[in-house]
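Written below as structure tokens is the structure these notes are about.
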Amino acid sequence: MLLALCLLLQDPTLMISPSQGAIGQPFEVVLELDHAIGAGLAMGGPDLALDGSWVVLEGPEVTAPLGSAGTLTRVRWSVMSLESGARSFPGLDLMLADGAHLKVEGATLAIGAELGADEDAPRPLPAFQSVEERAGALRLAHLGWALLALLLAAAWGLWLKKRRGPASESHVQGEWARFMALRELATKVGKDTANAPGGAQDVSAELAALLRSAAQHRVTVLRPGQADEEWLARMRGEGESALADELTPLLETCEQIRFGGLRPTRFALDELLQSSEEVLAHLAPDAPGRKETAA
């Protein structure tokens, strides 16, 4: 009776995104399983019972999102279909840590063909366009006018630089604007580029700098050169214990990615950015909510 009740509470879900596409287009398959602590999957991600008309590009990637306290397991694959039409993605058979078996229902997909409904043959390649070449003698006058134009452009650029130089320093982007740009960069981070320039290590380094910079607006006695532990201890000493508690797990995760060898999955990196966004929303002066409050 207790085992049956546990199975009902788990209620796993299989999500496929997008639900329709074309032959050769990658689809993201995500399994989410809610469970008691220590009662998740018995081993790595389950096997996909796929025939030769499917190709598994990545996975399984098994993660436990930040903040789930070990009660949520997420498994991700990247697959593509080699056939068109209405397709059925098979369900999964899960083996749980307590020895129980759990079945997950499959899903349906709509895969479009490479040709349209009224096409029955491959489309022809576009024909070469004839180009009529016209060439004339290069005159010294043409060279003179081109040189004059370059000199005028250079002079105009120098004048603009001198005129706008002092004013441009006052338009430095705030933490919220820089965070939005960082989120865009993080969407391009994949499993094979985590340690590449612009990968997870660079994202975590910039994120830690943004969090500390935004906190400086509230606690001005802190010094940017201090280590995280000393910095957070000084913050608590100034009466900002709640803020220090919010920042501690975020900065620790950034530290592990930068120097501890942690290679986060795409989902774990998204969770870290989402948690940081909630903190920055009430710290960064240029955050949308802060602007409305100030108005």
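The values are calculated or read from the model by the stated rules, or taken from the named source; none is laboratory data. Everything numeric here is computed off the predicted structure, so don't read it as measured data. Here the Cβ positions follow ideal geometry from the backbone for every residue, glycine too, while neighbour counts run over all protein chains shown. We work out accessible area using only protein heavy atoms, side chains counted, and drop any ligands, DNA or RNA first. Shrake-Rupley method; radii C 1.70, N 1.55, O 1.52, S 1.80 Å.
Quick test for you: out of Leu243, Leu247, pick the one residue that is modelled with pLDDT of 85 or more, within 21 Å of Val203 (Cβ to Cβ) and not in a loop (DSSP other than H, G, I, E, B). So that I can check it myself, show each step before the final result.
Numbers: Leu243 fails: within 21 Å of Val203 (Cβ to Cβ).
When all the criteria are applied, what remains is Leu247.
When segment 138-147 is examined, which residues are found to be modelled with pLDDT of 70 or more and open to solvent by less than 80 Å² (accessible area, probe 1.4 Å)?
Passing the criteria: Gly144, Ala146.
When Thr63 is evaluated against the numbered criteria (1) over 29 Å from Glu252 (Cβ atoms); (2) open to solvent by less than 30 Å² (accessible area, probe 1.4 Å); (3) at pLDDT 70 or above, which criterion, by number, is the only one it fails?
Of (1) over 29 Å from Glu252 (Cβ atoms); (2) open to solvent by less than 30 Å² (accessible area, probe 1.4 Å); (3) at pLDDT 70 or above, only one is false for Thr63: (1).
Name the single residue that is farthest from Pro18 (Cα to Cα) among those in segment 81-93 being open to solvent by 40 Å² or more (accessible area, probe 1.4 Å) and in a strand (DSSP E or B).
Within segment 81-93, the match that is farthest from Pro18 (Cα to Cα) is Asp93.
Out of all the residues in segment 175-206, which are modelled with pLDDT of 80 or more, among the β-branched types (Val, Ile, Thr) and surrounded by fewer than 17 Cβ atoms within 10 Å (Cβ to Cβ)?
Thr187
Can you confirm whether segment 154-174 contains a residue that is in contact with a Ser or Thr (Cβ under 8 Å, 6 or more places away or on another chain) and at pLDDT 85 or above?
Within segment 154-174, none of the residues are in contact with a Ser or Thr (Cβ under 8 Å, 6 or more places away or on another chain) and at pLDDT 85 or above.
Mind checking which pairs have a first residue in segment 264-284 that is charged (D, E, K, R) and a second that is open to solvent by less than 30 Å² (accessible area, probe 1.4 Å), Cβ under 6 Å, 6 or more apart or different chains?
Close Cβ pairs satisfying both conditions: Glu271/Pro65.
Out of the residues in segment 94-116 that are over 29 Å from the mean Cα position of the chain (by Cα) and more than 15 Å from Gly40 (Cβ to Cβ), which is surrounded by the fewest Cβ atoms within 10 Å (Cβ to Cβ)?
Among those residues, the one meeting the criterion is Gly116.
Mind listing whichever residues of segment 239-263 are in contact (Cβ under 8 Å) with a residue 40 or more places away in the chain and either on the phi > 0 side of the Ramachandran plot or open to solvent by 70 Å² or more (accessible area, probe 1.4 Å) (or both)?
If the condition is that a residue be in contact (Cβ under 8 Å) with a residue 40 or more places away in the chain and either on the phi > 0 side of the Ramachandran plot or open to solvent by 70 Å² or more (accessible area, probe 1.4 Å) (or both), then Glu255, Arg258, Arg263 are the ones that fit.
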